[in-house]
Structure formats: C-alpha cells, structure tokens
1. For Asp308, work out the one condition from (1) among the charged types (D, E, K, R); (2) outside the structural domain of Lys231 (by TED's automatic domain parsing); (3) within 29 Å of Ala229 (Cβ to Cβ) it doesn't fulfil.
2. Among the residues of region 163-213, which ones are farther than 27 Å from Arg230 by Cβ, touching a residue at least 24 places away in the same chain (Cβ under 8 Å) and part of a loop (DSSP other than H, G, I, E, B)?
3. Sort through Arg303, Arg341, Arg312, Arg323 and tell me the only one that's under 21 Å from Leu173 (Cα atoms), modelled with pLDDT under 85 and of a type in the set (D, E, K, R).
4. Consider Phe160 carefully, then state whether it is in a loop (DSSP other than H, G, I, E, B), surrounded by 12 or more Cβ atoms within 10 Å (Cβ to Cβ), at pLDDT below 80 and assigned by TED's automatic domain parsing to the domain that holds Thr254.
5. Can you pull out the residues in region 273-309 that are of a type outside the set (A, V, I, L, M, F, W, C), over 21 Å from Tyr248 (Cβ atoms) and surrounded by 14 or more Cβ atoms within 10 Å (Cβ to Cβ)?
6. Given (1) surrounded by 19 or more Cβ atoms within 10 Å (Cβ to Cβ); (2) among the hydroxyl-bearing types (Ser, Thr, Tyr); (3) over 21 Å from Gly213 (Cβ atoms), where does Tyr268 come up short, assuming only one miss?
7. Scanning region 241-265 for residues that are modelled with pLDDT of 90 or more and more than 19 Å from Ala182 (Cβ to Cβ), which turns out surrounded by the most Cβ atoms within 10 Å (Cβ to Cβ)?
Amino acid sequence: MTIDLSDPTLLAIGGGVLLFVLAIVSLAIWLMGRQGSRAAEAQAAAVRHLIENQSELAGRVAQLAEQSANGQLNLQGSVSERLQAQERAITRTLEERLADLNRRMGESMQKQSTQTQTTIGELKERLGAINAAQDRITKLSEQVVSLQDVLSNKQARGGFGEIQLEDQVKSALPPSAYAFQAVLSNQKRADCLLKLPNPPGPIVVDSKFPLEGFNAIRQSPDGEERTRARKAFGRDVMVHVTAIAEKYIIPGETADCALLFLPSEAVYAELHAELPDVVEKAHQRRVYITSPTTLMALLNTIRAVLKDTQMREQAGLIQKEVRKLNEDVGRLSDRVGKLRRNFDTAHGTIKEIETSAEKISKSAEKIEAVELAEVDALEAPKATGASVQQSREDRPQPTLGLVEGGGQ
C-alpha cells in the first residue's frame with residue numbers, strides 16, 4: 001500500500017495527532033512538576049493510558065489512512081474507467097458526427113456542384129439568348145438606319161410605298177384581279193389597277209407618302225407654327241388628290257373613283273384627326289384616302305365581290321349544263337319507252353310460242369297413247385269376233401286425233 005503524503009486529508013489528520021501528543025506530553029510534564037511523585041505516578045499512569053489511547057488512535061488513524069488510500073485508489077480506478085468510457089463514447093460520437101458531417105458535406109458539395117453546373121448551363125443559354133438578341137438588335141438598328149435613309153429620300157420613299165402596296169394586294173387578291181404599273185389610254189402609268197367587273201369597273205390605286213409635311217408638324221411647337229405646318233401638309237395632300245383625280249379617273253375605262261394609299265398609319269391618323277376638310281374635299285373629287293389597315297379591309301371586300309361574281313358565272317354555266325342534262329334525260333326516257341314496247345311485243349310473241357309448244361306436246365302424248373294401245377292388242381289372247389269388234393270400237397282413232405291436232 002502506498003500513502004500519498006501530499007493528500008490534504010492525511011496531512012490534516014497527522015497534524016492534529018501531533019498537536020494532541022505534544023499537548024498531552026506538555027500537560028504531563030507540567031503536572032509532574034506541580035505534584036509529587038504520587039501524583040507523578042498517577043500522572044504517569046494517566047500518561048500511559050493516554051499513550052495507549054494514542055497508540056490506538058494512531059492505529060485507527062493508520063487504518064483510516066489505509067481506507068482513505070484504498071478509497072482513493074478505488075475512486076481513481078472508477079474515475080479512470082468512467083473517464084475512459086466517456087472518452088470512448090466521446091470519440092465514437094465525434095467519429096460518427098465527423099462521418100455524418102463528411103457525408104453531408106459530400107452531398108452538399110455534390111448538390112452544389114450539380115446546381116452550379118445547371119446554373120452555368122442556364123447562364124450559357126441566357127448569354128446565348130442575350131447574344132442572339134444583341135445580334136437582332138444590331139440588325140434592327142441597321143434596318144432602322146437603312147429605313148431612315150429610305151424615308152429621307154423622296155424617290156426611295158415612293159418605292160417603299162409601292163412595295164408595301166404590292167405586298168398587300170398580292171396577299172389579298174388572286175393574280176387575275178390586279179395589274180401593277182398598268183398603262184391607261186391616256187398613257188398614264190398607275191401603281192396598281194384593281195380589275196373589278198362593271199359596275200364599278202377597274203379602280204386605280206396610287207401610292208403617296210407625304211412625309212416631309214408630317215415631320216414638319218411633329219417638329220413644330222404648339223401654336224401658330226404648328227398650324228401653318230398642318231395647313232402646308234393639307235395642301236401637299238390635296239396636290240396628290242388633284243393629280244390622281246385628273247390622271248386615273250377615265251369615264252368608260254375606269255371606275256368613277258380612285259384610291260390614294262398612304263403607307264403610314266400615323267400620317268393617315270393625323271390627316272383624318274386634324275384635317276377633316278381635306279378628307280372631305282378628296283371625297284368630293286372621288287378620291288378615297290386609305291392606310292395599310294383600311295386598304296386591307298377594302299381588298300378583302302373586293303375579294304368577296306370577285307368571288308361572288310365568279311360564283312354567279314359558275315352558276316350560269318351550271319344551269320346551262322343542267323339544261324343539257326335534262327334534255328339527255330328526256331331522250332333517254334323516250335328510248336326506254338321504245339325499248340319497253342319492244343319488250344312487250346317480244347313477250348306476246350313468246351307467249352304465242354309457248355302456247356304452240358304446249359299444243360304440240362299434247363298431240364305427241366296422244367300419238368304415244370295410240371301406239372301403246374296397238375301393242376296391247378297384239379299381245380292379248382284371241383277373242384271372239386264380238387270382243388274384237390268391241391275392242392276396236394273402244395280403241396281411239398289416230399287419224400282423227402291428228403286431224404284435230406292439225407286443226408288446232
């Protein structure tokens with residue numbers, strides 16, 4: 001057994017015992033010095049008793065120290081085992097948590113990697129779409145610039161209006177219903193000639209694009225300057241209206257009206273909203289102003305009219321063919337009647353032939369009966385003259401039967 005001298009419990013017990021012994025010795029010496037020898041003996045006996053008690057106490061102290069040491073060892077062993085068990089549990093828990101953390105981190109990293117790849121793919125697609133949109137925007141800006149160049153040039157602007165007019169007419173009407181750049185009897189060339197039946201007759205469509213006057217209205221501030229720009233725009237439109245009325249309305253050749261095509265809805269709206277008097281004057285000159293929208297509606301109406309005309313023409317042809325078919329049916333009915341009469345005649349003849357055949361068959365049966373009777377008479381035994389005479393009388397006469405059959 002080992003005793004740890006640094007244990008505070010043992011140190012406290014040892015110090016207390018030492019102080020108690022010193023106090024007893026000091027008390028004994030003092031009593032021996034005060035009392036006599038008897039007292040000294042008594043004191044000595046008391047001291048011996050105290051020493052015995054001290055020895056017993058020392059033994060108990062040693063036993064207590066031994067028990068304390070054993071308890072300390074047991075305590076240290078139990079604590080050590082508990083600490084080791086807790087350490088193992090903590091280590092196992094840490095390992096499990098680290099494994100779970102590694103698994104979660106792996107799953108999270110894989111998920112983040114997948115999401116990152118998906119995001120990168122979507123980002124690439126969006127970048128591709130952005131690049132395509134940028135390319136379209138670039139092309140559109142180039143087209144806008146080219147359109148501005150076209151609209152800034154008067155001749156190019158006129159060609160733009162004619163192309164738009166041709167596209168609309170071609171998309172709405174069949175090729176036989178229109179002609180572009182048609183030359184009239186007055187040697188004037190029309191942008192488009194709509195071939196309609198009389199009435200109303202062919203209608204001329206002329207494309208005009210008075211963009212300068214419209215831009216002047218937009219660029220002018222409100223007030224008198226804009227009013228003057230609007231009046232100038234109205235005069236430009238009336239110049240075109242007058243030219244169309246004089247060139248493209250020819251009595252007996254074209255309809256009594258013509259169409260002015262404006263390839264811009266904005267110009268058309270400005271004209272009808274702010275200059276109704278110009279529109280009214282154009283109507284008086286039998287010139288009707290149209291925009292892309294209104295022209296398309298008019299072309300659809302013309303297509304319906306042409307379709308109705310064609311249907312009427314086809315209906316006339318159908319009626320003519322039906323009349324011819326009715327005549328053919330009449331002739332077929334007559335021929336069927338003749339054939340029926342021939343069949344009736346043939347049927348009567350066949351009935352007569354059947355009657356003659358039936359009579360001939362009966363005559364043949366009678367002849368066969370006479371021959372059989374003669375054979376029976378030859379095979380029968382000889383009889384008296386009366387019986388023979390009677391058998392001859394009972395036998396049918398063949399000559400008479402033939403004569404009667406021939407008479408029938």
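1. All conditions are met except number (3).
2. Leu173, Pro174, Leu184, Ser185, Asn186, Lys188, Leu196, Pro197, Pro199, Pro200, Gly201, Pro202
3. Working: Arg303 fails: modelled with pLDDT under 85; Arg341 fails: under 21 Å from Leu173 (Cα atoms); Arg323 fails: under 21 Å from Leu173 (Cα atoms).
Answer to the selection: Arg312.
4. The answer is no for Phe160.
5. Glu274, Arg303
6. (3)
7. Residue satisfying both the conditions and the ranking: Val241.
The values are calculated or read from the model by the stated rules, or taken from the named source; none is laboratory data. Since we're looking at a predicted model, the values are computed, not measured. Please note: Cβ atoms are built from the backbone with ideal geometry, for glycine as well, and neighbour counts cover all protein chains shown.
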